[in-house]
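Written below as structure tokens is the structure these notes are about.
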Amino acid sequence: MALKPKRSHPKTKPGAEAERATAIAASHLIDERIRSLGGWRAQTLEEVRRLIHEADPDIMEECKWIKPSNPLGVPVWSHAGIVCTGEAYKEVVKLTFARGASLADPRGLFNSSLDGNTRRAIDIREGEALDAEAFEALIQAAVVENLRSSARKSHSPSRT
């Protein structure tokens, strides 16, 4: 008796199951990365992660730039493009916003990579508290900017 291939739910978009599996794997890698850090850096990255998901429940977690010297990769949060990355160094937890230079930052959260044309970063040091409300607004603004940019790209005439 031949087995029939498993079919996805009729309302599920093609590739949605694979995307979910990838997202679950990335979430586990980020969990592992946080556990491996320990201490204040783990607590900070965990809190940042929670705030990101509160700001945008549809955000996707990924791990990029996996290599032998960094087998867990870099945590990345995306929605219509990269919103921000979260890296832990000895002295700081660095949150780099891919389109940070395009974002209004009325509360002055950006304190690193201020000279670039595209990115901006927030360095959080031990004992520092992140303004949660301002951070969530920054995440939401970054998502809006990504959606705006992807809409412009899809409406631009294709070149042949």
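May I ask you to list the residues in the range 83-101 that are in contact (Cβ under 8 Å) with a residue 40 or more places away in the chain and over 16 Å from Ala134 (Cα atoms)? Correct list: Gly86, Ala88, Val93, Ala98, Arg99. Would you confirm whether or not the range 1-19 contains a residue that is modelled with pLDDT under 90, part of a helix (DSSP H, G or I) and within 30 Å of Thr118 (Cα to Cα)? Yes, the conditions are met somewhere in the range 1-19. Inspect all residues belonging to the range 93-103 and state whether any of them is closer than 18 Å to His28 by Cα and either crowded, with 18+ Cβ neighbours inside 10 Å or in contact with a helix residue (DSSP H, G or I) (Cβ under 6 Å, 6 or more places away or on another chain) (or both). The answer is no, given that none of the residues of the range 93-103 is closer than 18 Å to His28 by Cα and either crowded, with 18+ Cβ neighbours inside 10 Å or in contact with a helix residue (DSSP H, G or I) (Cβ under 6 Å, 6 or more places away or on another chain) (or both).
The values are calculated or read from the model by the stated rules, or taken from the named source; none is laboratory data. Keep in mind that what you see is a predicted model, and the values were worked out from it rather than measured. Cβ coordinates were reconstructed from backbone atoms using ideal geometry, including for glycine residues, and neighbour counts include every protein chain displayed.
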